[in-house]
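J.: One structure follows; several queries about it will come next.
The values are calculated or read from the model by the stated rules, or taken from the named source; none is laboratory data. No experiment lies behind these values; they were computed from the predicted model shown. All Cβ positions, even for glycine, are placed from backbone atoms using ideal geometry, and neighbour counts span all protein chains on display. Heads up: the accessible areas ignore ligands, DNA and RNA and are worked out on the full protein's heavy atoms, side chains in. Shrake-Rupley method; radii C 1.70, N 1.55, O 1.52, S 1.80 Å.
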Amino acid sequence: MAKDSSFDVVSQVDIQEVDNAYGQATKEIAQRYDLKDSGATISLDKANKTLTINAPSDFVAKQVIDIISSKLVKRGIDLGAVSWGKVEAASGGTVKQTATIVDGIDKETASKINKDIKATKLKVKVTIEGDKLRVSGPKLDTLQEVIAFLKEQDYGQPLQFNNYR
């Protein structure tokens, strides 16, 4: 009997690339004439994987989000991996907005992906292993169909497919 082939479904973000994009965005905010003395700041917490923007107004906060978003895209980070929170009023009439970087597939999303794959009636086996899913099956064509199916779906975060063997 032939051995099953498999691949992993993961959602990973290279935090070093996020740090590089943060550095570029900070430099641009300090140099751009319309933001230079506005008091807009951006901070990165690598441990908690969060970006925080402080700005004097909602309009300036949106400009800073556009800057960091463009730097993330240039660095190959999918914007689906950045989940922006609501704009909060901060002290002195300023606004604050926090974004979390989604890294790994949570249990709720993993079970939804598992359910969707089973609904396709393809002959594959899905196992949830922590923050990733392993999909295995006897035919490579079937696995490629699963990958194509998952690429069409939207789970609120980018999915990568690796360890394809």
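J.: Once phi is turned into θ = phi - 60°, what whole-Hz ³J(HN,Hα) does the Karplus curve with 6.51, -1.76 and 1.60 give for every residue of segment 80-92, x standing for Gly and Pro?
T.: Calculated HN-Hα couplings, in order: x, 7, 10, 9, 7, x, 6, 6, 10, 6, 10, 5, x Hz.
J.: Under a point-charge model restricted to the Cβ atoms of Lys and Arg (+1) and Asp and Glu (-1), what is the dipole moment magnitude of segment 1-99 relative to its Cα centre, in debye to the nearest 20? Could you put the intermediate results ahead of the total?
T.: Working: 12 positive and 13 negative charges, 30 e Å.
I would put it at about 140 debye.
J.: For segment 6-165, what % of the accessible area comes from carbon and sulfur atoms, probe 1.4 Å?
T.: On the way: 4440 of 9070 Å².
That share works out to 49 percent.
J.: Tilt of helix 15-31 relative to the longest C-alpha principal axis of the chain, in degrees (0 to 90, nearest 10)?
T.: Once rounded, one gets 20 degrees.
J.: If one takes the longest principal axis of the Cα atoms in the chain, at what angle in degrees, from 0 to 90 and to the nearest 10, does the Cα axis of helix 140-152 lie?
T.: Here the helix axis deviates by roughly 30 degrees.
J.: Dimensions of segment 1-56 along principal axes (Cα, Å, largest first)?
T.: Reported extents, whole Å, longest axis first: 69, 20, 15.
J.: Roughly what % of Cα-Cα distances in the chain sit above 19 Å, to the whole percent? Could you put the intermediate results ahead of the total?
T.: Values: 8225 of 13530 pairs.
The share of Cα pairs beyond 19 Å in the chain comes to 61 percent.
J.: I'd like to check one number: the per residue accessible area of segment 23-165, probe 1.4 Å, reported in Å² as a whole number. Intermediate results must be reported in sequence, preceding the final value.
T.: Numbers: 8500 Å² over 143 residues.
Per-residue value: 59 Å².
J.: On the principal axes of its Cα set, how long, how wide and how thick is segment 71-121? Give whole Å, largest value first.
T.: In descending order, the Cα extents are 57, 26, 15 Å.
J.: Using alpha carbons only, how many degrees (0 to 90, rounded to 10) separate the axis of helix 107-119 from the longest principal axis of the chain?
T.: Helix 107-119 and the main axis of the chain meet at about 40 degrees.
J.: Using +1 at the Cβ of each Lys and Arg and -1 at the Cβ of each Asp and Glu in the chain, identify which of GLY130, GLN153, LEU140 lies farthest towards the dipole's positive end.
T.: The listed residue farthest towards the positive side: LEU140.
J.: Can I ask one more? Loop only per DSSP, at most 10 neighbouring Cβ atoms within 10 Å: give me the chymotrypsin sites (Phe, Trp or Tyr not before Pro) in segment 1-40, ordered by residue number.
T.: Numbers: sites: PHE7, TYR22, TYR33; in loops: TYR33.
Sites meeting the loop and neighbour criteria: TYR33.
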